Amino acid sequence: MSKGIIYLMTTAVPGLVKIGKTGSSNFEQRMYSLEHDGYRNVTALKRSFAIEVEDYDEKESLLHTIFEKSRVSDTELFAIDVNIVTQLLSSFDGIVVFPKTETKTDIFESASDNSKSKLIPNGIYYFQRKKHSDNKTVKATAVIENGRWTLLKGSILGITEDVGVPQKAKALRATMSIDKNGKLLENAELGECSPSLAGAVVVNQAISGWSEWKDHDGRPVDIYRKKLDS
């Protein structure tokens, strides 16, 4: 059986992803080429998930068949929710190559959470919580538009990093302009994410953001997830 890597990448076009394959020893080189040169005139490709599996040729072909109706012409581009593909890929037997810091279970659950977060209507949402590790009250305002989150300038974020902060939250915070008191100095684009990831960015600890983020009427965003489950 041939072993190789199946990868998933996002692109500059929201909702458009690339599903491809490469040899195990060629992964980094392939990612570098796609992230720098693009693919079929589509730019800003960014690795999202990759897994090393047996019979990778057959598995990639299976994925392309499953998502054929979403395929763009004869390319490896698909107009589909990245979270759906991630959930399917993370259910394969294999070794996660990217992101290395997360388990398949964590990745599957995160993708499921992200997919459900798209049920939250466009609008402005609020977060307030006392952070017990440093006795600091964090307060944040976010705008959600088509499933994409933006933290607004002036939000007060947690400073002390607690155990269990998701790696994605750390990576997002590393790109933000935050002063020594935790004040966000510029709007921060979080992209497509779940309320829990957005909350972890704000508090600097792992939390369940579904009950913490609230709309202008003070209702937790969990009401939208419960509508799906009912």
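The values are calculated or read from the model by the stated rules, or taken from the named source; none is laboratory data. Please read all numbers here as calculations on a predicted model, not as lab measurements. So basically every Cβ, Gly included, is an ideal-geometry build from the backbone, and we count neighbours across all protein chains shown.
Things to note:
- Scanning the range 18-52 for residues that are of a type in the set (V, I, T) and surrounded by fewer than 16 Cβ atoms within 10 Å (Cβ to Cβ) gives a single hit, T43.
- Only listed residue being of a type in the set (F, W, Y), more than 21 Å from A12 (Cα to Cα) and touching a residue at least 60 places away in the same chain (Cβ under 8 Å), chosen from F92, F108: F92
- Contacts under 9 angstrom Cβ, first residue in the range 26-52 being among the small types (G, A, S), partner loosely packed, with under 13 Cβ neighbours inside 10 Å, 6 or more apart: G38/A12; G38/A44; A44/A12
- Screening the range 125-165 for residues that are among the small types (G, A, S) and under 20 Å from the mean Cα position of the chain (by Cα) and picking the one that is surrounded by the fewest Cβ atoms within 10 Å (Cβ to Cβ) gives G164.
- Selection count where residues are surrounded by 17 or more Cβ atoms within 10 Å (Cβ to Cβ) and not in a loop (DSSP other than H, G, I, E, B), scope the range 53-69: 5
- Residue match in the range 33-41 (condition: of a type outside the set (D, E), assigned to a strand (DSSP E or B), over 26 Å from S196 (Cβ atoms) and not assigned by TED's automatic domain parsing to the domain that holds E192): yes
- Beta carbons closer than 9 Å, at least 6 apart along the sequence or on distinct chains, pair a first residue in the range 2-13 that is touching a residue at least 24 places away in the same chain (Cβ under 8 Å) with a second that is of a type in the set (F, W, Y) and part of a loop (DSSP other than H, G, I, E, B) for I6/F92.
- Across the range 159-197, the number of residues qualifying as within 22 Å of M9 (Cα to Cα) and free of Cβ contacts under 8 Å to residues at least 12 places away in the same chain comes to 3.
- Only one of the listed residues (V202, V138, V163) is part of a loop (DSSP other than H, G, I, E, B) and either under 23 Å from P99 (Cα atoms) or touching a helix residue (DSSP H, G or I) at 6+ places or on another chain (Cβ under 9 Å) (or both). That residue is V163.
Here is a yes/no grid of residues against (1) of a type outside the set (G, A, S); (2) assigned by TED's automatic domain parsing to the domain that holds R219; (3) farther than 20 Å from R47 by Cβ:
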| residue | (1), (2), (3) |
| --- | --- |
| L88 | yes, no, no |
| N114 | yes, no, no |
| T137 | yes, yes, yes |
| A140 | no, yes, yes |
| G154 | no, yes, yes |
| V165 | yes, yes, yes |
| M176 | yes, yes, yes |
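- Of all residues in the range 73-95 being of a type in the set (A, V, I, L, M, F, W, C) and surrounded by 19 or more Cβ atoms within 10 Å (Cβ to Cβ), the one that is nearest to S25 (Cα to Cα): L89
- Taking the range 11-57 as the range and being under 22 Å from the mean Cα position of the chain (by Cα) and among the aromatic types (F, W, Y) as the test, the residues that pass are F27, Y32, Y39, F49.
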